[in-house]
Amino acid sequence: MNNNAQASSAPSLAQDLNSSKAPAAGKTVSPETSALFRRAAAESCVLLKNDGVLPLTDSRVSVFGVCQIKWMDMGYGSGGDVVRPYTVSLADALGSRSDIRYDKKLMAKYREWCGPWEPGPMPWGQWPQHHPEMPLDGDTVASAAAESDAAIVVIGRACGESIEIALEKGSYYLTDEETAMLDAVTAAFSKVIVLLNIGNIIDLSWTARYPLSAVLAVWNGGMESGNAVADVLCGAVTPCGKLADSVALAYEDYPSSGSYGGAEFSEYREDIFVGYRYFSTFGPDRVLYPFGFGLSYTSFRMELISFRGLSAVVRVTNTGSASGREVVQLYCRAPQGLLGKAALSLCAFAKTRLLLPGQSQELELSTDEYTLASYDDAGKTAFAHSFVLEKGEYELLFGCSSAELSTAGIYSVEETKQIVRLEEACAPEKPFRRLTASGGEEDVPLRRGSLRERILSRLPAELPYTGDRGFKLGDVKAGRVSLEDFVSQLTDTELEALTRGEGSMDSDLGPAGNAGAFGGVIPSLREKGVKPVVTTDGPSGIRLSAQCLLAPCEAALACSWDTELVEAVMAEIGGELILRGSNVLLGPGVNIHRNPLCGRNFEYYSEDPLLTGRLAAAAVRGIQSKGASACPKHFCCNNQEFMRNMSDSRVSERALREIYLRGFEICIREGAPMNIMTSYNPLNGVWNHYNYDLVTTVLRGQLGYTGCVMTDWWMVPAESPDFPGVEVNAYRVRAQVDVFMPGNQTFGEKEYASDGTLLASLGKPGGITRGEIQRSAMNVLRFVLSQL
């Protein structure tokens, strides 16, 4: 199935999810949950510029821009589109409080022009990325300027699944109407505040051209985001967010700009030099707002208290007049050695509690040799396919952004050493050139060896079939029989059923609007005590027909740099998941922001793998603290939406290990998710739902993952090049991608119809083995056991 086929089928999905079952009655949200989501949205705001106009004190403001009403509170697609119980726009928030004086006549004019506005379901892939602006005449602006001494201009953007940010006006660039609005407002007002109500980074070069007094990125902040932004504007909350991405002067300055978005393939020529790793090495003067940057209403002093080994203790003191929080970031500047390195790489971070003026807090930031090591995919150090710590001096630096750092200390390595020995996996098969630390290029090392021999040498043993011995899964839970004894009695039909979903989305086995069910999807399995487990789209909220909580998007939460806050927010989502009768939240999104045009960047955290991994692990812990399962996605290199099912992500093994797998690795080791979802795209020529090296060699063998792996919804049919006759579901199960979701290959079919591919090669030379099918069945059942 190609990308266009999926997109065209989705409108009927949207209709189905909103009409097949009646939505639940209005949801009551506790004051505690509202306050938590409001705080999360406020502490994710990033103050990019402030000439003293914020916080608003005695000012009277006029608010321009239709997005003050048509507020962009979430992104689109499976990672958004939550039926929230309410949403608070900026206009709503200002109208409900007395501490911000605003021009009510102007707002009334905007309300009249916008008409009734109730955001709701829209056809798949046809969501608006912006809203047309109300034309402004000179009298309207002059009247507002006479009424107010400051202006707020709201610029709104949202994007989503199956679509990309385009290098066009209204998407990445401002519309002519938005430009005209800024022209008129900056000409009439001496104090202009811009609010960026966005989910993805867009062109911000205009913020340097206009005489703006303040720029505040407020993101797609969820159902409480209007209140949160008002809190920041008036000073009830001091902004403490930091950018999770670099903002370049121009799109062409991003290192992937010349090799992004191919229909057939995309070559990751920038290699490990993603985001600030590139800019700190090659182009610090091409950055408008650096990674980790964010201003405050107060000021802080950072002092190094001690440095020992790979640990620094930093004292942060609030030296200003307002309460606030600060993020301390620890970076490494590694010796170039034989491998070449980025000038900077984040290796630790910590955020203070709320500090009153004059208060201090000491934070310990620690890293390890593995985090500092580089992956040698070419054998340059004599340690091929290993993480290597090259000899030399590793300078550790601390500060408040990637562009404002002080030396903490030096970690000296006398001799180059192998930190972790691995084996080649997922290396490219097609040649291309990659960027090197010297600014030159080199050929990427290509794949060697035989995958066929590796697979055959590692086939699992078959459990002899015993027939039904009366064992129930509850007996395994109680310790009366082993899981192997239980699985030995399963028929081929039952084993096949455990390796796929029930058939369609919106399963009758779960709440209306669910994404599908797996596990006990046939009666004989349920008779044996295997309950069905239900999946639900996420992660900003639960995408059901019923009203559910809407949190800030992941790109917003990433700017909080606060793992405890993310864990608390996602615990609320996890609790609601269980309350609604679902078991698996399909999130968090753990893909890297390789390029700002990716339509789902709002659904992912950052350009940096360590920040991504730590926040994703916190999200997993939060979701799973309530008994549900998280399902990190999309494993891996799903970095574009255009032709996502077909475009081959061609990436070196080094960049794969250091950048694109590292976030998943940290998430797995610190969060222990019970499920993981593969991505649609091929990786170096192999679709990830068939990718043995990615899922068995790396994920399970090298990262130690023992949970369940499922596909993203639907697959591209294919045959194994190493084992002719092993096709589609057999090809998938051989890779240890345990579950095909939602079960049917054709969209819209409610009843399951087997394609026969799992068992077609069973018992044939090179064909799927019963042991392999049993292995995947046990991976699934271990999760089902956790839900009993």
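The values are calculated or read from the model by the stated rules, or taken from the named source; none is laboratory data. Just so it is clear, the model here is predicted, and its values are computed rather than measured. Ideal geometry is used to build each Cβ from the backbone, glycine not excepted, and the neighbour counts take in all protein chains shown. These accessible areas exclude ligands, DNA and RNA; they are computed on the full protein's heavy atoms, side chains included. Shrake-Rupley method; radii C 1.70, N 1.55, O 1.52, S 1.80 Å.
Observations, loosely collected:
- Sorted largest first, the spans of the alpha carbon positions of segment 425-486 along the three principal axes are 66, 25, 13 Å.
- Straight-line cross-link partners of LYS391 among the aspartates and glutamates, defined as a Cα under 20 Å from its Cα and at least 8 positions apart when in the same chain: ASP368, GLU369, ASP376, ASP377, GLU414, GLU415, GLU658.
- Relative to the longest principal axis of the Cα atoms of the chain, the long axis of helix 563-579 lies at roughly 60 degrees.
- Shape category assigned to segment 665-757 from the gyration tensor of Cα positions, a/c cut at 1.5: oblate
- Rounded to 10°, Cα long-axis angle of helix 176-188 versus longest principal axis of the chain: 30
- Ratio Rg/Rh, restricted to segment 347-399 and using Cα atoms, in which Rh is the Kirkwood radius: 1.22
- Residue-span extension gain [LEU338 to LYS472] - 0.36 nm each, minus C-alpha spacing: 42.5 nm
- Whichever lysines have a C-alpha closer than 19 Å to that of LYS105, once near sequence neighbours (fewer than 8 apart) are set aside: LYS70
- On full extension, the segment bounded by ARG60 and LYS764 gains 245.6 nm, given 0.36 nm per residue less the C-alpha separation.
- Modelled label positions at ASP492 and GLU112, each set 7 Å beyond Cα in the direction of Cβ, lie 7.4 nm from each other.
- Positive contributions from Lys and Arg (+1) and negative ones from Asp and Glu (-1), summed over other residues with Cβ under 15 Å from the Cβ of ARG734, come out at 0.
- When a 1.4 Å probe is rolled over the protein heavy atoms, the share of accessible surface on the chain that falls to carbon and sulfur comes to 50 percent.
- Descending Cα extents along the principal axes, segment 599-739, whole Å: 43, 29, 25
- From the alpha carbon centroid of segment 563-596 to that of segment 746-780 is 30 Å.
- Only Cα pairs under 8 Å and 6+ residues apart enter the sum, and on that basis the relative contact order of segment 162-240 stands at 24 percent.
- Here segment 427-575 is treated as a Stokes sphere of Kirkwood radius computed over C-alpha pairs; at 4 °C and 1.567 mPa s its diffusion coefficient rounds to 63 µm²/s.
- Computed over the alpha-carbon atoms, segment 535-691 gives an Rg to Rh ratio of 0.96, Rh here being the Kirkwood radius from the mean inverse distance.
- Cα Rg, Dmax, segment 129-235, angstrom units: 14.3, 45
- Surface analysis of the chain yields an accessible area of 33 Å² per residue, using protein heavy atoms and a 1.4 Å probe.
- Taken as Cα centroids, segment 186-248 and segment 695-717 sit 39 Å apart, rounded to the nearest whole angstrom.
- The tail of the calculated P(r) for segment 164-305, taken as Cα-Cα distances beyond 26 Å, holds 36 percent of the pairs.
- Cα-based shape type of segment 334-481, given that a ≥ b ≥ c are square roots of the gyration tensor eigenvalues and the cut on a/c is 1.5: oblate
- Charge sum, other residues only, whose C-beta stays under 13 Å from CYS332's C-beta, Lys/Arg counted +1 and Asp/Glu -1: -4
- Pairs beyond 24 Å (Cα-Cα), from LYS633/LYS764; LYS27/LYS626; LYS528/LYS764: LYS633/LYS764; LYS528/LYS764
- Rg over Rh, two decimals, segment 232-311 (C-alpha only, Kirkwood Rh): 1.12
- Environment charge at GLN359 (Cβ cut-off 13 Å; Lys +1, Arg +1, Asp -1, Glu -1): +2
- Counting only lysines at least 8 places from LYS191 when in the same chain, those with an alpha carbon closer than 17 Å to its own are LYS49.
- Spherically averaged projected area of segment 70-164 from its Cα convex hull (nm²): 7.4
- Rh by Kirkwood over Cα pairs, then Stokes-Einstein D for the chain at 1.567 mPa s and 4 °C, µm²/s: 48
- Taking Cα atoms only, the orientation of helix 662-671 departs from the longest principal axis of the chain by about 80 degrees.
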